[in-house]
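Below is one structure, written out as structure tokens, with a few remarks after it.
The values are calculated or read from the model by the stated rules, or taken from the named source; none is laboratory data. Keep in mind the model is a prediction, meaning the values are calculated, not measured. Surface accessibility is based on the protein's heavy atoms, side chains included, excluding ligands, DNA and RNA. Shrake-Rupley method; radii C 1.70, N 1.55, O 1.52, S 1.80 Å.
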Amino acid sequence: STAPIVDTERTQASTTLEDAAFILEDVVGSGTSVHIPQSYLSPPSLEGSSCVYIIKAGRRYYVGETESISRRLAQHRSKGDEWSSSTAVVMKVDGGKSRALNIESRVIRALAKRGFDLISVADGSQIRPMGRRG
């Protein structure tokens, strides 16, 4: 008998920023993430909107939420070391800050489950159910 064919690309957990972006997009459920390379500013269209972001600093990842992505990126990058050359993916989140906080927690948990080396694990325990209001 022959052994089953195994797609090793799919079975080995990959922990790149692109993989993190895919997870972020999956948790948000609609839309496309915006990649922000090192030393680039965020697009003005994201300012004033609730956003969830993932920063790759060295080999580690940080997940956060904000309504001012340009300010938060500047704060993170001013920490020096690998933070100054960090890249990020960002998604605008409809539903305001409470939904962004929920998505942040869900993304942290999903990344941790996939084996990402996270800086921001504490927020993953703050998950709240995402119910419909009204």
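Heavy-atom accessible area per residue, region 29-96, 1.4 Å probe: how many Å²?
Normalised by residue count, the accessible surface of region 29-96 is 50 Å².
Please compute P(r) over all alpha-carbon pairs of region 15-77, binned at 10 Å starting from zero, and give each bin as a whole-number percent.
20, 59, 21
Give the accessible area for Asp81 in Å² (nearest 10); use a 1.4 Å probe, count only protein heavy atoms, and leave out ligands, DNA and RNA.
We get 130 Å² for Asp81.
At a Cα cut-off below 18 Å, give the lysines reachable from Lys113, other chains included and same-chain residues fewer than 8 away excluded.
The reachable lysines, counting only those whose Cα sits under 18 Å from Lys113, are Lys56.
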